[in-house]
Amino acid sequence: MQGLNRKELEDYIIDLYCNQKKTFREIQKIVRKSPRDLRKILDKVEPERASLSESSRAYQMFKEGRN
């Protein structure tokens, strides 16, 4: 993951999450970023999820077929 600037890294994380349907934990292992950093990036893409409670977010992900 070295050699990527911040924008490229954000785009890569968004691609992993949205297009490749990787789980949060899988993305953590691939890019070696903290959960706080990943959540900050993914909340930019889906701001409505940032306002949901944890249990509501889990139910929504279940409905979408995610882990």
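The values are calculated or read from the model by the stated rules, or taken from the named source; none is laboratory data. It should be emphasised that the depicted structure is a prediction, and the values quoted were computed from it without experimental measurement. With ideal geometry, Cβ positions are generated from the backbone for all residues, glycine too; neighbour counts draw on all protein chains shown. With ligands, DNA and RNA removed, areas are computed over all heavy atoms of the protein, side chains included. Shrake-Rupley method; radii C 1.70, N 1.55, O 1.52, S 1.80 Å.
Loop-only trypsin sites (Lys or Arg not before Pro) in the chain, please: DSSP not H, G, I, E or B, and at most 12 other Cβ atoms within 10 Å.
The qualifying sites are Lys21, Arg32.
Accessible area per residue for the range 28-67 in Å², computed with a 1.4 Å probe and the full protein assembly in place, what is it?
Dividing the accessible area of the range 28-67 by its residue count gives 78 Å².
In the chain, carbon and sulfur make up what percent of the accessible area (probe 1.4 Å)?
Carbon with sulfur: 49 percent of the solvent-accessible area.
Using a 7 Å offset from the Cα along the Cα-to-Cβ direction at both Tyr59 and Phe24, what is the distance between the two label points in nm, to one decimal?
1.7 nm
Could you list the square roots of 5 times each eigenvalue of the Cα gyration tensor of the chain, that is, the equivalent ellipsoid semi-axes, sorted largest first and rounded to whole Å?
Computed over the chain, the values are 21, 13, 10 Å.
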